[in-house]
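Right, one structure below, let's go through it.
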Amino acid sequence: MTYESTVPGELSDPALRGASPLPEPGAVTIVVPTFNESANIRELLRQITASVPARLPCEVVFVDDSTDDTPEVIRDAARGCPYPVTVLHREAPVGGLGGAVVEGIRAATSDWIVVMDGDLQHPPALVPELVAAGERAPAGLVVASRYIKGGSREGLAGGYRVAVSRAATWLTKTLFPHRLRGISDPMSGFFAIRRSAVTADVLKPLGYKILLEMAVRARPRQVTEVPFVFQERFAGESKSSAQEGFRFLRHLAGLRTASPVARMVVFGLIGATGFLPNLFGLWALTAAGMHYLPAEIVANQFGVAWNFLLIEHLCFRDRRQHRHWWDRAGRFALLANADLVLRIPLIALLVGRFGMSALTATALALVTTFVLRFAGTEALVYLPRKGGRTGGGAATGQGRRARSRTARRSS
Ligand SMILES: Nc1nc2c(ncn2[C@@H]2O[C@H](COP(=O)(O)OP(=O)(O)OP(=O)(O)O)[C@@H](O)[C@H]2O)c(=O)[nH]1
Ligand SMILES: [Mg+2]
């Protein structure tokens, strides 16, 4: 990682950073994650210069994962800025956009930190207003919202993007009604956070939508919102894609299944959908001439495979690195089939020994084997092994993805 700092009118050598007297930290540090935004930098700094320092002492920290000349452009444009501008260029973009924002928050020294995009979709003139709203409330987190009176998303290009954004906001608010109370725009990338509200949880590697992650995992007690008009991208191209959309859905699932109870509910719902591939398999195999009894056993494996894939991606996404996939798949299949084998004698026992009706016994056996299967899956498939394989945590995985994205984009 390269850490370069400029002070007004001069460029400082990174090696001198500790020795050269930097100006007093400002009241706000503006953190800007950038990926190939060279065409936007000058205008962004011009607008910050025009609207922020007169009202609020500031500094700007760019956290840059670019493969183009963005860092050089920043260095050059910073010469004319009446506030410190820092470029934190990361050779290994660990955690992608979320990881970049965490780096920026870590580097910030001011009382307030404002996170905003580098493409001018977030108006810099609003920075002092965000901080002022936080001081007035008083609040630990101030969200710039497109969805309250006075705000708008007019810069979202096309009906498709508007529909996607609206659906994503609705889904997110439905999944986290309590945590997101008072936050109308959890997908906003424009927000201010008070330094004292930055907990260790905030500084954990974050997922893709930073504000959402922060609100769900480390929400400050007081939150307020300020309306803003989402502008059109000034220059350069968007980094959002269908792949980003899937990343977002995985992120939501990861956040939603963070607690064991929620994970168990999702585990159950996924299990219930397993009958679809199971029935399909049975139909296909018997149609191909197989006797229905062996077909039942084979078709059951279709359901097991379906459940395994969904559970891997939606329930235990961040806990897969402890075992190889074939080890996990084998254990999962063993548990799923043991469930079937166990259920029949258990029903016989409940009916024969305890005099239950077949229906009650079946219901009880289903619940018992479900809980056992869930506990078994957690403990035997996804629990970290003592002294076992730990290579490639979630953050490293994201880093890898980000790097391949970077390489692709640069081509
Ligand atoms: N450091 C870093 N910044 C990133 C990365 N991906 C995106 N960014 C920056 O994050 C900000 C938001 O990205 P955009 O591509 O504008 O995404 P968006 O605003 O959802 O999409 P548009 O509405 O199409 O602009 C921009 O400043 C990007 O340069 C990344 O992997 N690393
Ligand atoms: Mg943008």
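Values in this text are rule-based calculations from the coordinates and carry no lab data. Small disclaimer: the values here were computed from a predicted structure and weren't measured. Every residue, glycine as well, gets a Cβ built from its backbone with ideal geometry; the counts of neighbours run over all protein chains shown.
Counting lysine pairs in the chain that sit 8 or more residues apart in sequence, or on different chains, and whose Cα atoms lie under 28 Å apart gives 8. For a test of the definition: using alpha carbon positions, the gyration tensor, and the 1.5 limit on a/c, classify the stretch 111-218 as rounded, prolate or oblate. Because a/c hits 1.5 or more and a/b fails to exceed b/c, the stretch 111-218 counts as oblate. Ranking of E213, E378, E37 by neighbouring Cβ atoms within 10 Å, starting from the fewest: E378, E213, E37.
Per-residue ellipticity at 222 nm for the chain, helices alone: DSSP H runs ≥ 4 residues times -39500 (n - 2.57), over residue total, nearest 500 deg cm²/dmol?
On the way: 13 runs with 200 residues, N = 411.
Theoretical 222 nm ellipticity from helices: -16000 deg cm²/dmol.
Membrane-span-like helices in the chain (whole DSSP H runs, Cα extent of at least 15 Å along the helix axis, mean Kyte-Doolittle hydropathy of at least -0.5): 38-51, 96-107, 158-175, 242-256, 260-273, 275-287, 292-314, 325-352, 358-376. Among V341, V162, V127, sorting on how many other beta-carbon atoms sit within 10 Å of each Cβ, with the fewest leading, yields V341, V162, V127. Charges were assigned to the Cβ only: +1 to each Lys and Arg, -1 to each Asp and Glu. The resulting dipole of the stretch 260-382 about its Cα centre is roughly 240 debye. Which of the three applies to the stretch 260-382, rounded, prolate or oblate, going by the alpha-carbon gyration tensor with a ≥ b ≥ c and a/c under 1.5 meaning rounded? Oblate, because a/c is 1.5 or more while a/b does not exceed b/c. Here's the picture: a label point sits 7 Å out from the Cα of D327 along the beta-carbon direction, and within the stretch 353-384 the residues with their amide nitrogen under 17 Å of it are 377-384. Given in Å, the Rg to one decimal and the Dmax to the nearest whole number for the Cα atoms of the stretch 69-171 are 16.3, 44.
Using the Cβ-Cβ distance between R195 and T273 with R0 set to 30 Å, the FRET efficiency works out to roughly 0.10. When F62, F176, F267 are sorted by how many other C-beta atoms sit within 10 angstrom of their C-beta, beginning with the fewest, the order is F176, F267, F62.
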